[in-house]
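Asker: Below you'll find the structure I mean.
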Amino acid sequence: MQEGFSEESDITDPLIIDQVINATGKGAYRIVKKILEYIIPSYVEKGILDPAIPTIHLRISGDGLNVGRKVKLVMITIALLDDSINICKPNYHYTTILFPELQELSNVGIVINNTLWNFEFFFSSDWKFLATCLGFNAANSNNFCLWCEITKNQRGNGQNDWTISKSMSSLNENPTAYPGHKLPPLFNMISLKNHVPDKLHIMLRITDRLWELVLQEIKNEGLFNDITRNIIIKEMENLKIRFEFWNIHGTNNWNYTFLMGDDKLCVLRNFNLTKLFDPERAALIKSLWYGFAELYDLLGEKTTDPQYFRLKAKVWCELFLKKTNKDFIDHQI
């Protein structure tokens, strides 16, 4: 389904691969209704759920894992968005098998202790898993957006109206109703407006891109040498981040330490770019970095106004696409 997409196996140990292949079809599972029957009373007791307002906002999420070239494992979890304090804690995400239970919960709800609970479903994951569950193209396809019909050559046009123009009802009637959609969506009981990209993966992808662009500009200027690399390592040390460069044996290419999420945000907010660029250039890049950090923070605020966020995101995108003398930001997201 993913056109033009290939990836290497995460696990290559033949013993593990053989064990997984032999175990295919023998997995264990937990029923969604049984999980809900167990946890909902405790949420009511804690005051997180109110029987007088019997609607539960249930998040479905998942991801895949390559186990050799022939086997791919998928884990699906549920979590209550109503429990905002614990939504990021793994102990409050419950592994499950969903079909056909979600459809039943969507249609008739569930009765627990004489209360009929209704559900509003949300689906959240990284882009790739979202696309897979929607039966959609790869990210590098001409039609790349899960929510609208914009094409690849329109990405840099700020005059386009970036709104959700597709609907799940249309996909249910015809899985190929929109360009790029090839197979029926798996979670067809969840509105397309409630299919949400995961905040963490958005941050990881964009911060990686911003950092790569800085290194690429240094290389384009012919300044990617031991002096510059040591300056970067020293600045990372000032930020309490372990960071190294190393030469790939037999080549002129260099690799570097992959940063975790918190370290990426620390670099985005605190790295002193004047150590690498002149003040004017550093200020331009820093405004780009700070702008994304602000957008990331706004994504996590319940009080964020969607229209305000939309305007801020558009301004940031225009800055990202802005041409300069060095064409540092003359790229597409």
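Bear in mind that the values in this text are calculations on the coordinates, not laboratory data. Since this is a predicted model, take the numbers as computed values, not measurements. Neighbour counts run over all protein chains shown; Cβ positions are idealised from the backbone, glycine included.
Asker: Which net charge results when you count Lys and Arg as +1 and Asp and Glu as -1 among the other residues whose beta-carbon is under 13 Å from that of residue 46?
Answerer: Charge balance in the 13 Å sphere: -4.
Asker: Using 5 Å bins from zero, what percent of all Cα-Cα pairs in region 231-286 falls into each bin?
Answerer: Calculated P(r), rounded to whole percents: 4, 18, 23, 21, 18, 12, 4, 1.
Asker: In whole Hz, with x marking every Gly and Pro, tabulate ³J(HN,Hα) for region 125-137 from phi via Karplus 6.51 cos²θ - 1.76 cosθ + 1.60, θ = phi - 60°.
Answerer: 6, 6, 4, 4, 5, 4, 4, 4, 6, 9, x, 10, 4
Asker: Right, next: Note the direction-averaged projected area, equal to a quarter of the hull surface, for the Cα convex hull of region 95-216, in nm². Could you put the intermediate results ahead of the total?
Answerer: Values: hull surface 40.4 nm².
Mean projected area of the Cα convex hull: 10.1 nm².
Asker: Another question about this same structure. Karplus couplings for region 40-48 from phi (6.51 cos²θ - 1.76 cosθ + 1.60, θ = phi - 60°), rounded to Hz, Gly and Pro as x?
Answerer: 4, x, 5, 5, 5, 4, 7, x, 6
Asker: Hey, if you put +1 on the Cβ of every Lys and Arg and -1 on every Asp and Glu Cβ in region 200-321, which of 241, 304, 283 ends up farthest toward the positive end of that dipole?
Answerer: The Cα lying farthest towards the positive end belongs to 304.
Asker: Arranged by the count of other C-beta atoms within 10 angstrom, fewest first, what order do 77, 251 take?
Answerer: Numbers: 77 17, 251 8.
Sorted ascending by nearby Cβ count, the order is 251, 77.
Asker: Kindly put 57, 181 in sequence by how many other C-beta atoms sit within 10 Å of each C-beta, fewest to most. Working shown, then result.
Answerer: Working: 57 15, 181 21.
Fewest to most other Cβ atoms nearby, the residues stand as 57, 181.
Asker: Could you calculate the FRET efficiency of residue 83 with residue 312 from 1/(1 + (r/R0)^6), where r is the beta carbon distance between them and R0 is 25 Å, rounded to 0.05? Show your work: numbers first, answer last.
Answerer: Values: r = 28 Å, r/R0 = 1.13.
Computed FRET efficiency for residue 83 and residue 312: 0.30.
Asker: I would also like to ask the following. Under a Cβ-only charge scheme (Lys and Arg +1, Asp and Glu -1), can you give me the dipole magnitude of region 200-321 about the Cα centre, in debye to the nearest 20?
Answerer: Values: 16 positive and 17 negative charges, 33 e Å.
Computed about the Cα centre, the dipole is about 160 debye.
Asker: Kindly write out, for region 237-252 in residue order, the coupling ³J(HN,Hα) from the Karplus curve 6.51 cos²θ - 1.76 cosθ + 1.60 (θ = phi - 60°), rounded to whole Hz, with x marking Gly and Pro.
Answerer: 4, 4, 8, 6, 10, 7, 8, 9, 10, 8, 7, 6, 3, x, 9, 9
Asker: Also, quick follow-up: If all Cα-Cα distances of region 200-321 are sorted into 5 Å bins from 0 onward, what percent lands in each bin, rounded to whole numbers?
Answerer: Taking every Cα pair in region 200-321, the percentages come to 2, 9, 19, 23, 19, 13, 8, 4, 2, 1, 0.
Asker: Around residue 119, which amide H atoms from residues at least 5 apart in sequence, or from another chain, sit under 5 Å from its own amide H, with H modelled in the peptide plane?
Answerer: So residue 119 has HN proximity to 56.
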